[in-house]
Each structure stands twice: as structure tokens, then as C-alpha cells.
Amino acid sequence: LESCASQPRSLAMFRPEWAPVFYAVQLGSTVVWLGIWARQKMLHTTVNHTTWHEVALRQLLLYTICEALRVVDAGFECVETGVVHSIWGVIPWWFRIGIWVLRDVVLFSIVCKYLEHVLVWTHRCVGKPLPGIVVPVVQALCGLGLTIFMGGGTLYMVYNDQFWQPLCALAQLPLNVGCVLVALYMSSILKEVPECAEKVEAVIANRLLLVVGVSVIGIFGPWVFIRMSDLYAFPKSALTSVPRGSSILLFTAPTYDELGAHTLNPAIESVETLIGWSIALAIQIRRGVVPGGKCVVTTSEQLGDQVAALGKSKHQ
């Protein structure tokens with residue numbers, strides 16, 4: 001599932017001794033995200049925010065917990081063999097894949113909730129009808145992606161076959177293609193929104209959405225088809241100590257110190273970490289402290305009305 005074996009070595013790889021360094025970055029990132037969550041939670045009593053932000057903050061906590069459990073025994077793919085090697089070799093494959101799927105459920109939920117929020121308030125602000133098909137389409141793409149991921153991950157473990165690795169990566173493409181298209185559409189809508197703090201927040205979040213979406217498509221897209229073609233012609237076991245066609249559900253990945261002179265590729269895990277940082281950065285964008293310590297919680301519709309009124313007052 002963390003495989004990029006067909007990529008040129010010059011693109012992204014490091015020697016086994018660098019695995020603990022990247023592992024520390026991954027775990028350290030989850031600690032920072034928890035700190036962001038705690039700080040934002042405390043600010044909820046003194047800072048204006050929307051109902052979407054309250055939902056997103058709860059989801060950030062769930063996402064961070066799932067990601068911490070996912071990387072506690074982080075796995076990196078060997079460039080030469082395609083076999084995933086982990087840090088400690090203690091997490092069985094069923095848990096590794098299961099927590100990854102659960103994390104993606106939370107991730108997709110965050111994306112859908114945010115897109116719904118920003119579409120509602122921006123269209124309310126500029127007085128345009130809300131394109132009702134957008135959110136259901138994104139939700140459908142999320143469901144498609146999760147179905148592909150769960151199916152590919154299950155087949156990967158049940159049959160001990162690397163062929164299903166790129167299918168799991170393929171699951172990331174539908175949602176990210178949809179997000180990039182929505183972000184491009186939102187770029188034009190945001191140009192019509194009056195200058196204000198809310199617009200700045202939306203523009204930054206929109207750019208993060210574009211960066212992550214393009215990164216995922218750029219890394220996963222070309223590799224998926226090359227890798228599947230290669231593994232169709234030359235089948236490989238996901239775990240070499242178990243015969244291909246046998247289940248590895250209860251087995252663990254070999255540790256990175258068994259690689260010898262082989263190299264590891266952190267490309268996929270780098271994208272996963274980038275996604276987490278994008279969520280944490282987007283959620284911590286906040287408006288100023290309210291005098292007197294009492295905050296105002298607004299809905300997406302109310303936010304759109306407030307920004308529209310602000311724009312009218314500036315033109316009077």
C-alpha cells in the first residue's frame with residue numbers, strides 16, 4: 001500500500017538508516033496536530049467561529065488519533081522488491097489497513113463538510129444559486145474511493161499479492177480529481193467575495209486543497225497504471241515469508257533493518273503527512289479575539305449574509 005517501486009530511484013528514496021528520522025517526523029507531526037486541536041478548543045470561548053469549525057475540530061482530533069495509530073509502526077516500501085518494511089514489526093496487517101481506512105473515512109468527511117460550508121456561505125454572499133449537485137458528487141466520489149480502498153486492501157491481505165497495492169492508491173484519485181475541480185471553480189467565486197478575513201481564510205484553504213489534490217494526482221496517477229502493468233506481468237508477494245495466495249491478515253511487516261543495502265521510498269508517506277498538515281493548518285485559521293471574551297458562533301448561511309453586508313457597507 002505504500003509502494004512506488006516503479007519510480008526512478010532519483011525521485012524519492014533513502015537508505016534504511018533514514019527510516020527512524022522520517023518516522024520521528026511523522027509521529028512529531030501528530031503531536032503538533034494535537035497541540036493545534038487543544039489550542040483551538042480553548043479559543044472557542046473567546047474567538048468568533050462557525051458551526052463548521054466546531055465539527056471540523058472534532059474531526060481533526062479523530063483524524064490525528066487514527067493517523068498516530070497508523071504510523072506508530074510506520075511502513076515504508078522497498079524500492080527494489082516492493083515489500084513494505086516497518087519500524088518495529090509489531091502491527092498486524094489487518095490493523096494497519098483497518099485504521100488506514102478509518103482515517104480516510106474521517107478525512108473524506110472533513111473534505112465534504114468543508115466544501116459544503118464554503119459553497120454555502122460564498123454563494124449566499126454573492127447572491128448566486130448554490131450548485132446542489134457538487135456536494136453529492138463529492139460524497140459519491142468519497143464512497144467510491146473508500147470502496148476501492150477497502151476492496152484492494154482486503155485482496156492485498158487475503159491473497160498476499162502486491163498487485164492490489166496500486167488499486168488502493170487508485171482509490172485516492174476520484175476524490176482528489178473532484179476536489180481540484182471544485183477548488184478551481186471556487187477560485188472564480190471567491191474573486192466576487194468582498195475583501196475580508198473570511199475570504200482570506202477561504203482562499204488559503206482553497207489553495208491547500210489544490211496543492212494536496214495536485215500532489216496526490218501527480219504522484220499516484222502515473223504510478224498506478226505503470227505499477228499494475230508491471231505486477232500483472234511479474235507477480236510478487238506482499239510478504240515474502242508467506243506463499244503468494246495465502247492470507248497475511250495476522251502477520252506483521254518485516255522491519256527496516258532487514259533491508260541490508262536496499263533502499264526505501266517515502267513518497268507516499270510524504271503525501272500522507274502533507275494531507276494531515278493541510279487539514280491542521282486550514283482548521284487553525286481563525287478570526288480575531290472578541291472584546292469581552294464572548295464569541296459568536298454562526299452558521300454558513302449567517303456567515304454569507306454577514307460578509308455580504310460588510311461588502312455593501314464598504315461601498316456606501
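The values are calculated or read from the model by the stated rules, or taken from the named source; none is laboratory data. Keep in mind that this is a model prediction, so the values were computed, not measured. Counting neighbours? That spans all protein chains shown, and the Cβs are built from the backbone with ideal geometry, glycine included. All accessible areas refer to the heavy atoms of the entire protein, side chains included, with ligands and DNA or RNA removed. Shrake-Rupley method; radii C 1.70, N 1.55, O 1.52, S 1.80 Å.
Here is how the numbers come out for the structure above:
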item: Residue that is part of a helix (DSSP H, G or I), out of contact with any helix residue (DSSP H, G or I) (no Cβ under 6 Å at 6 or more places or on another chain) and closer than 20 Å to Ser300 by Cα, where the choices are Ile226, Ile268, Ile204, Ile189; result: Ile204
item: Lys113 vs. criteria of a type in the set (D, E, K, R), out of contact with any Lys or Arg (no Cβ under 9 Å at 6 or more places or on another chain), touching a residue at least 24 places away in the same chain (Cβ under 8 Å) and open to solvent by 20 Å² or more (accessible area, probe 1.4 Å); result: yes
item: Residue within the range 112-119 that is among the acidic types (Asp, Glu) and not in a helix (DSSP H, G or I) present; result: no
item: Hey, Leu209 open to solvent by less than 20 Å² (accessible area, probe 1.4 Å) and touching a residue at least 60 places away in the same chain (Cβ under 8 Å) or not; result: no
item: Index of the failed condition, Leu130 passing every other in (1) under 17 Å from Gln302 (Cα atoms); (2) at pLDDT 90 or above; result: (2)
item: Hey, Gly260 part of a loop (DSSP other than H, G, I, E, B) and either surrounded by fewer than 18 Cβ atoms within 10 Å (Cβ to Cβ) or under 21 Å from the mean Cα position of the chain (by Cα) (or both) or not; result: yes
item: Which numbered condition Trp164 misses (of (1) in a loop (DSSP other than H, G, I, E, B); (2) open to solvent by 20 Å² or more (accessible area, probe 1.4 Å)); result: (1)
item: Residue within the range 22-35 that is modelled with pLDDT of 90 or more, more than 16 Å from Glu272 (Cα to Cα) and in a helix (DSSP H, G or I) present; result: yes
item: Odd one out for Val180 among (1) touching a residue at least 40 places away in the same chain (Cβ under 8 Å); (2) within 14 Å of the chain's Cα centre (by Cα); result: (1)
item: Whichever residue in the range 71-104 is of a type in the set (D, E, K, R) and within 22 Å of Phe163 (Cα to Cα) and, among such residues, is most open to solvent (accessible area, probe 1.4 Å); result: Glu80
item: Some residue of the range 219-230 being open to solvent by 40 Å² or more (accessible area, probe 1.4 Å) and modelled with pLDDT under 85; result: yes
